[in-house]
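The values are calculated or read from the model by the stated rules, or taken from the named source; none is laboratory data. Please read all numbers here as calculations on a predicted model, not as lab measurements. Every residue, glycine among them, receives a Cβ derived from its backbone with ideal geometry; neighbour counts consider all protein chains shown. Surface accessibility is based on the protein's heavy atoms, side chains included, excluding ligands, DNA and RNA. Shrake-Rupley method; radii C 1.70, N 1.55, O 1.52, S 1.80 Å.
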Amino acid sequence: MRTITIEGGAIDGIASFYAEINRVLMAGEDWTIGQSLDALNDLLHGGFGAIASNEPVRLVWRDFEKSRAALGMEATKAWHRAKLERPTLYNAETARQALAALERGEGRTYFDIVLEIIAEHDTIELVPA
(Lines give C-alpha, C1' and ligand atoms only; values in the text may rest on other atoms or scores of the structure.)
Protein backbone atom coordinates (compact mmCIF):
# COMPACT_ATOMS: atom_id res chain seq x y z
CA MET A 1 0.00 0.00 0.00
CA ARG A 2 1.32 3.40 -0.95
CA THR A 3 1.57 6.10 1.74
CA ILE A 4 0.89 9.77 1.03
CA THR A 5 1.34 12.39 3.76
CA ILE A 6 -0.60 15.63 4.17
CA GLU A 7 1.21 18.23 6.27
CA GLY A 8 -1.64 19.63 8.31
CA GLY A 9 0.67 22.21 9.83
CA ALA A 10 0.58 23.99 6.47
CA ILE A 11 -3.21 24.31 6.59
CA ASP A 12 -4.69 27.47 8.07
CA GLY A 13 -7.89 27.66 6.04
CA ILE A 14 -9.64 26.40 2.94
CA ALA A 15 -7.23 27.97 0.43
CA SER A 16 -4.16 26.51 2.13
CA PHE A 17 -5.92 23.13 2.42
CA TYR A 18 -6.18 23.01 -1.38
CA ALA A 19 -2.60 24.28 -1.73
CA GLU A 20 -1.45 21.33 0.39
CA ILE A 21 -3.68 18.87 -1.47
CA ASN A 22 -2.27 20.12 -4.77
CA ARG A 23 1.31 19.97 -3.44
CA VAL A 24 0.92 16.36 -2.34
CA LEU A 25 -1.64 14.82 -4.68
CA MET A 26 -1.01 16.80 -7.87
CA ALA A 27 2.80 16.78 -7.84
CA GLY A 28 4.06 16.13 -11.34
CA GLU A 29 0.91 17.43 -13.03
CA ASP A 30 0.96 20.67 -15.01
CA TRP A 31 -2.38 21.74 -13.55
CA THR A 32 -4.03 21.86 -10.13
CA ILE A 33 -7.51 21.30 -8.78
CA GLY A 34 -9.55 24.29 -7.72
CA GLN A 35 -11.07 24.94 -4.31
CA SER A 36 -13.90 22.51 -4.82
CA LEU A 37 -15.16 19.56 -2.81
CA ASP A 38 -16.27 17.93 -6.08
CA ALA A 39 -12.73 18.30 -7.45
CA LEU A 40 -11.32 16.76 -4.26
CA ASN A 41 -13.71 13.83 -4.63
CA ASP A 42 -12.70 13.36 -8.28
CA LEU A 43 -9.02 13.45 -7.31
CA LEU A 44 -9.51 10.74 -4.71
CA HIS A 45 -11.15 8.49 -7.29
CA GLY A 46 -7.78 8.33 -9.00
CA GLY A 47 -6.77 8.45 -12.61
CA PHE A 48 -4.54 11.52 -12.33
CA GLY A 49 -2.11 13.02 -9.88
CA ALA A 50 -0.55 10.90 -7.13
CA ILE A 51 -3.42 8.41 -7.23
CA ALA A 52 -2.98 7.30 -10.80
CA SER A 53 -5.32 4.33 -10.53
CA ASN A 54 -7.75 2.78 -8.10
CA GLU A 55 -4.79 1.66 -5.98
CA PRO A 56 -4.98 1.38 -2.19
CA VAL A 57 -3.52 4.44 -0.48
CA ARG A 58 -2.71 5.16 3.15
CA LEU A 59 -3.32 8.88 3.63
CA VAL A 60 -1.40 10.07 6.69
CA TRP A 61 -2.66 13.47 7.83
CA ARG A 62 -0.16 15.10 10.19
CA ASP A 63 -1.30 17.83 12.59
CA PHE A 64 -4.81 16.50 12.13
CA GLU A 65 -6.30 18.50 15.01
CA LYS A 66 -4.74 21.73 13.75
CA SER A 67 -6.41 21.08 10.40
CA ARG A 68 -9.71 20.36 12.16
CA ALA A 69 -9.52 23.80 13.79
CA ALA A 70 -8.39 25.54 10.59
CA LEU A 71 -11.28 24.03 8.61
CA GLY A 72 -13.74 24.37 11.47
CA MET A 73 -16.66 26.64 12.28
CA GLU A 74 -15.17 30.00 11.32
CA ALA A 75 -13.78 28.83 7.98
CA THR A 76 -17.03 27.05 7.19
CA LYS A 77 -19.16 30.08 8.04
CA ALA A 78 -16.98 32.24 5.80
CA TRP A 79 -17.32 29.64 3.01
CA HIS A 80 -21.13 29.75 3.24
CA ARG A 81 -21.17 33.56 3.45
CA ALA A 82 -19.11 33.71 0.26
CA LYS A 83 -21.72 31.53 -1.44
CA LEU A 84 -24.45 33.95 -0.36
CA GLU A 85 -22.57 36.71 -2.18
CA ARG A 86 -22.85 34.75 -5.46
CA PRO A 87 -26.48 33.59 -5.60
CA THR A 88 -26.33 33.11 -9.37
CA LEU A 89 -23.69 30.39 -8.90
CA TYR A 90 -24.77 28.81 -5.63
CA ASN A 91 -28.03 27.85 -4.01
CA ALA A 92 -28.41 30.72 -1.56
CA GLU A 93 -31.14 29.01 0.45
CA THR A 94 -28.98 25.95 1.04
CA ALA A 95 -26.09 28.19 2.12
CA ARG A 96 -28.42 30.16 4.45
CA GLN A 97 -29.71 26.97 6.05
CA ALA A 98 -26.20 25.58 6.52
CA LEU A 99 -25.01 28.87 8.00
CA ALA A 100 -28.00 28.99 10.38
CA ALA A 101 -27.26 25.43 11.52
CA LEU A 102 -23.65 26.38 12.23
CA GLU A 103 -24.80 29.47 14.13
CA ARG A 104 -26.90 27.14 16.32
CA GLY A 105 -23.82 25.00 16.92
CA GLU A 106 -25.07 22.27 14.60
CA GLY A 107 -24.19 21.27 11.09
CA ARG A 108 -21.06 20.06 9.39
CA THR A 109 -17.83 21.94 9.18
CA TYR A 110 -15.69 21.98 6.06
CA PHE A 111 -13.39 19.54 7.85
CA ASP A 112 -16.32 17.19 8.52
CA ILE A 113 -17.29 17.28 4.85
CA VAL A 114 -13.71 16.55 3.74
CA LEU A 115 -13.60 13.54 6.09
CA GLU A 116 -16.92 12.29 4.70
CA ILE A 117 -15.55 12.53 1.16
CA ILE A 118 -12.41 10.63 2.10
CA ALA A 119 -14.49 7.95 3.85
CA GLU A 120 -16.48 7.36 0.66
CA HIS A 121 -13.34 5.97 -0.99
CA ASP A 122 -12.78 2.36 0.01
CA THR A 123 -9.25 2.39 -1.36
CA ILE A 124 -8.15 5.25 0.93
CA GLU A 125 -7.16 4.57 4.52
CA LEU A 126 -7.03 7.81 6.52
CA VAL A 127 -4.48 7.85 9.32
CA PRO A 128 -4.77 10.92 11.58
CA ALA A 129 -1.37 11.79 13.02
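Values as computed for the structure displayed
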quantity: Complete set of residues in segment 8-18 that are surrounded by fewer than 16 Cβ atoms within 10 Å (Cβ to Cβ) and more than 13 Å from the chain's Cα centre (by Cα); calculated: 9
quantity: Leading residue by the ranking (farthest from the chain's Cα centre (by Cα)) among those in segment 19-45 that are open to solvent by 20 Å² or more (accessible area, probe 1.4 Å) and touching a residue at least 40 places away in the same chain (Cβ under 8 Å); calculated: 45
quantity: The listed residue being open to solvent by 80 Å² or more (accessible area, probe 1.4 Å) and at pLDDT 95 or above, out of 93, 103, 65; calculated: 65
quantity: Some residue of segment 47-61 being touching a Pro at 6+ places or on another chain (Cβ under 7 Å), touching a residue at least 60 places away in the same chain (Cβ under 8 Å) and buried (at least 18 other Cβ atoms within 10 Å of the Cβ); calculated: yes
quantity: Where a residue in segment 105-122 is farther than 17 Å from residue 80 by Cβ and its partner, wherever it lies, is of a type in the set (Val, Ile, Thr) and crowded, with 16+ Cβ neighbours inside 10 Å, with Cβ under 6 Å and at least six apart; calculated: 118/124
quantity: In segment 48-86, the residues that are in contact with a Ser or Thr (Cβ under 7 Å, 6 or more places away or on another chain) and not hydroxyl-bearing (Ser, Thr, Tyr); calculated: 54, 55, 56, 57, 58, 60, 61, 62, 71, 72, 73
